[in-house]
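The structure under discussion appears below in the form of structure tokens.
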Amino acid sequence: MKILMVEDNQTLCEMMAMFFKKEKWEAGYAQDGVKAVEMFKKDPTGWDIVLLDLNLPKMDGMQVAAEMRKISPTVPIIMLTARDSESDQVLGLEMGADEYVTKPFSTIALIARIKALYRRTQLNQLSSSTQQIASDFDVQTPHFKLNSKTREAFLDDQQIENLTPKEFDLLKTLASKPKQVFTREQLLQLVWNYEYYGDERTVDAHIKKLRQKIEKAGPQVIQTVWGVGYKFDDSEVADQ
């Protein structure tokens with residue numbers, strides 16, 4: 001695994017470097033936002049995960065996340081920050097982060113999260129490359145189709161573009177069982193794939209971004225079931 005750590009605290013970088021070395025992971029470091037974007041632009045497909053601090057010199061973490069998402073909609077981003085307000089967490093997720101970890105954090109727990117996120121990405125790629133299916137699309141409904149192999153999703157033949165890894169997994173989970181209502185807790189367990197010590201608003205933030213991307217392709221198919229959670233339903237979409 002190759003990690004890009006964007007953090008202006010040299011002591012924290014040195015501490016994490018020891019853990020990365022123990023795991024035999026490669027790592028690159030940037031201590032300001034501008035340098036981080038420059039490093040990412042040079043090799044956008046070379047990084048497996050980005051650890052991104054929110055409070056950075058020259059360009060803050062929110063801006064860095066937005067710039068990285070313009071370059072790569074799929075690279076996993078874990079935001080690290082001392083800000084623990086609910087609004088900051090939701091904003092960070094809306095700007096493109098896949099997860100949000102507040103400081104101070106347990107290094108062991110962070111390493112576990114990195115492993116889980118990376119493992120899920122690798123398993124998705126492996127299953128996609130080995131799975132034998134008759135159709136190119138492993139999820140299909142009257143107006144929607146999704147290909148896990150290419151990580152592409154279409155609504156009425158219009159591609160839903162720039163989905164992050166978590167947004168794609170969230171959409172796949174919902175669309176795989178149309179009309180089934182999922183609670184936020186269920187979605188955290190199914191999509192994040194491990195015991196997640198986060199606010200259930202994490203799901204709300206990802207749903208909001210996912211809906212914005214769906215609306216660029218066609219009608220809204222993710223519905224809120226008030227007091228319960230969310231469901232995928234394209235049964236009322238008008239046939240073209």
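May I ask you to compute the full-extension gain from GLU23 to GLU200, defined as 0.36 nm times their residue separation minus their alpha-carbon distance, rounded to one decimal in nm?
Gain on extension, GLU23 to GLU200, equals 60.7 nm.
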Any idea how far apart ASP157 and ASP60 come out in nm if each label point goes 7 Å out from Cα toward Cβ?
4.5
Say each of TYR118 and ASP43 gets a label point 7 Å from the Cα, pointing the same way as Cα to Cβ; how far apart are those two points in nm?
1.5
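Each reported figure results from applying straightforward, stated rules to the coordinates on display, with no laboratory input. Given the structure is predicted, the values throughout are model-derived calculations rather than measurements. All Cβ positions, glycine included, derive from the backbone under ideal geometry; neighbour counts span all protein chains shown.
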